[in-house]
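Notes to accompany the following structure.
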Amino acid sequence: MAEIAESPSTTEHPLGTVGASRSKASSSALRESDVDPKTMRTTTPGLKRLFLTFSVLLSFLLGFPFLWKTVEIYRSPLPFGDMDALSKQIESSPLQFPCHFQSVFMTKLTSQTLERQCGSCGENFTLSVVVDSDGNGLTPNCSYKCGALGALNLGDGEAVDEALRSALDESCSDYGGKLYTVVVVNGDGAGEGPKALVGKHRHGWISGRELDAEAMIGRMAEMFVKIFMNGGREDGAIHGEFMPVGADGRVVLSFSLLNANPDDWFYDWDFQKLDDTLLNPVIEALKPIANISVESQVLYHTPKSSFSYWDESLGSYIFSTKDLPFFVNSNEWHLDTSVAAGGRTKILQFVVYVPSANECPLSLQLPSGEISKTNGFISPMWGGVMVWNPQSCIKYSGSGPPARLLMHPDDLHRIFEVLMGQLRQLFGLKSDSIYVGAAGAYKLLPSEKGFTEWELDVLSRQHTCFNLHSSGTTLGSLSRLVQSLPRMIIKDEIGKQVKFSLEAAQLAQTNASVGLYEASAASSRQARSLAEDAFFHPSIMSVSYFSFEHCFAVYSPFFLPVSLHVLLAALREWRRYKQEKAKYVRWKVKQVKAA
């Protein structure tokens, strides 16, 4: 009924219906014409382009950690704080050793005084002494049994030294034998001046008649400080350029017998016997200070580089001290043949030069004009040379085939004494048996080991200080070097070497504080060796290290151009999306207002 009612109306007024439709179309066209494509849009912006662009950027960002991992440098953690602390501690507070001194004043007792009379003490009494224990004021119960030297001849230094050792070391065992004693005996000698001797253990004695107390105190102080403490040196220290031990704590003693012209004669020696009987005690005595090995060789056709001249008054060919720099012929003397020595092992050369018949006998003339008694010289850090003139050169006829001769054991023993004196000089000790100080002269008794006990104490203290200073300096340099190069490879082996070096240095300081000289020297030698091994490790020395800026400059040509384009594309696409989103939002706002 309704549709039939609306139909005539529509048919009846056709013009009115057509006019309404035209009015709606016109309104819609006006709204679309109001939309500016530059500022508005009627549809939401798509995310496809934005998603693709950021997917590429994200792949680059995720790949960067993998790239960084491939160029990562492994660095074992090092105790930089402990390394720097050790270096600063050694520089600021030098190592101090406890040293214990003892003085015994005696009066030469006559036989009448020592008679066993009723009511007398005889030899059954003791004398208490005071020991200065490194400033702590300790006075342990250390007594010397008086009368022990009364029956001895003070002129026999060996007997007195052994008697002092048995009388003092046994009664004063609190220091493990590291007790330095000076005995002053008043009343010995007939009108002679005071005599001062230093034994091969840790004892010295001064004897004479009517000794002045002040002068004796001065001589005792000089014996304690200059001899027992400094070993006869003025400063009592070792300088790096005169260190006879290698950085790895090893020393190779290379003995060479050089025959200048084997057409005249050529000598050989029984070095094995020399090594077994004379060298082994020396090596054993120096064991806490250095790991010593020995080798020997005999060379031929080894002329010297310098010239000599004949001196009729001396009856010998002469070369002076000015010729010493040119004596060693490095072109003909092939001495460096050791295969046991590493790159940081010290090799000390000891050369016995046998001159040819054309310049035999050959003697060294000192600047004073006298002929050298040893006929040899040393070169610091290199070794020593001795010229040995065989007896056959005096009666050489100049004809006949060359003779192959073996050195006599007596000649070999005299040669060893000279070479041992040169070895002592290389270690900073005196080669003769006399020390002249400000208070007077002192006679030094030699030891069959080549080094006395108090000399070994001096060497142990000096080498401990040098080794600790060297290890501290090396570890400090390694710490600064590693921290300055972030891309330096540090393997676990280097970390272990640094750790063990610090432990050995700490142990050396502990042993030194309680007076264990040999143990502190051995520990300090190990600390220095490990520190040097860590600093000169092949993994460090064989690779060039660059800064981060250098690595960036190397890798940037490969990745920076593409990465920059991807980043700029992502930024551009993000900015475009924000602009299109803003257009759509602006259209929506205007549409809401129009409604």
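Using the basic label-point model (7 angstrom from Cα toward the beta carbon), what is the E162 to D323 distance in nanometres?
Computed distance between label sites E162 and D323 equals 4.6 nm.
Subtract the Cα-Cα distance of Q591 and F66 from 0.36 nm times their separation in residues, and report this length gain in nm to one decimal.
This chain segment gains 183.9 nm when fully extended.
Taking amide H atoms as placed 1.01 Å from N in the peptide plane, list the residues 5 or more away in sequence, or in a different chain, whose amide H sits under 5 Å from that of S76.
I490, K491
Pop out the carbon and sulfur fraction of the accessible area of the range 390-506 as a percent, whole number, probe 1.4 Å.
56 percent
Step through the table entries K346/K496; K226/K449; K273/K499; K178/K373, compare each Cα-Cα distance with 32 Å, and write down the pairs that go over it. Write down the numbers at each step before the final one.
Details: K346/K496 25 Å; K226/K449 22 Å; K273/K499 43 Å; K178/K373 35 Å.
Going by Cα-Cα distance, K273/K499; K178/K373 fall outside the 32 Å limit.
How far is it, in nm, from the label point at D410 to the one at S305 when both lie 7 Å from their Cα along the line to the Cβ?
3.7 nm
Calculate the tail of P(r) for the range 450-595: the fraction of all Cα-Cα distances greater than 27 Å, expressed in %.
56 percent
Given a Förster radius of 25 Å and the C-beta distance between E503 and Q96 as r, what FRET efficiency does 1/(1 + (r/R0)^6) yield to the nearest 0.05?
For R0 = 25 Å, the calculated efficiency reads 0.75.
Show R572, R461, R233 ordered by accessible area, largest first, where the area counts protein heavy atoms only and the probe is 1.4 Å.
R572, R233, R461
I'd like the accessible area for L95: 1.4 Å probe, protein heavy atoms, all chains in place, Å² to the nearest 10.
Taking all protein chains as shown, L95 has close to 50 Å².
Measuring from a point 7 Å past the Cα of K491 along Cα-to-C-beta, which residues in the range 508-538 have an amide N at less than 17 Å?
It comes to 530-538, nothing else.
In the range 458-564, with Lys and Arg counted as +1 and Asp and Glu as -1 at Cβ, which of these residues, Q526, P486, F558, has the Cα nearest the positive end of the dipole, that is, farthest along it?
Q526
Express the carbon and sulfur contribution to the solvent-accessible surface of the range 297-375 as a percent, rounded to the nearest whole number, probe 1.4 angstrom.
54 percent
For S313 and L567, compute 0.36 nm times the residue count separating them, minus their Cα-Cα distance, and round to one decimal in nm.
81.7 nm
Suppose all protein chains stay in the model; what accessible area per residue would a 1.4 Å probe give for the range 421-501, in Å²?
Solvent-accessible surface per residue comes out at 39 Å².
Non-local amide H neighbours of C99 (under 5 Å, H modeled in plane, Pro and chain starts lacking H): which ones?
So C99 has HN proximity to D134.
Using r as the Cβ-Cβ distance of T277 and R233, and R0 as 35 Å, what FRET efficiency do you calculate, to the nearest 0.05?
Efficiency, rounded to the nearest 0.05: 0.70.
Pull up all non-local amide H partners of A247: gap of 5 or more, or a different chain, and H-to-H distance under 5 Å with H placed in the peptide plane.
K346
At q = 0.14, 0.19, 0.22 Å⁻¹, what log₁₀ I(q)/I(0) does the range 250-376 have when each alpha carbon counts as one equal point scatterer in the Debye sum?
-0.75, -1.14, -1.28
Would you kindly find the accessible area of E417, with a 1.4 Å probe and non-protein molecules such as ligands, DNA and RNA excluded, rounding to the nearest 10 Å²?
110 Å²
For T42, tell me the accessible area in Å² from a 1.4 Å probe, rounded to the nearest 10.
70 Å²
Taking 10 °C and 1.306 mPa s as the conditions, I'd like the Stokes-Einstein D for the range 549-595 in µm²/s, using the Kirkwood hydrodynamic radius from alpha carbon pairs.
For the chosen part, D equals 117 µm²/s.
Once phi is turned into θ = phi - 60°, what whole-Hz ³J(HN,Hα) does the Karplus curve with 6.51, -1.76 and 1.60 give for every residue of the range 460-477, x standing for Gly and Pro?
In residue order, the calculated couplings are 5, 5, 5, 6, 4, 4, 5, 5, 5, 5, 5, 5, x, 5, 5, 5, x, 5 Hz.
Mean 1/r over all different Cα pairs, inverted: what Kirkwood radius does the range 458-503 give, in Å? Each step should come with its number before you reach the end.
Working: mean 1/r = 0.0836 Å⁻¹.
So the Kirkwood estimate lands at 12.0 Å.
What number, in percent, do you get for the relative contact order of the range 439-595 if the mean sequence gap of Cα pairs under 8 Å and at least 6 apart is divided by its residue count?
26 percent
The values are calculated or read from the model by the stated rules, or taken from the named source; none is laboratory data. Every value quoted in this text rests on a predicted model; they were computed, and no experiment measured them. Note that each Cβ is placed from the backbone with ideal geometry, even for glycine, and that neighbours are counted across all protein chains shown. The accessibility values were calculated without ligands, DNA or RNA, using every heavy atom of the protein model including side chains. Shrake-Rupley method; radii C 1.70, N 1.55, O 1.52, S 1.80 Å.
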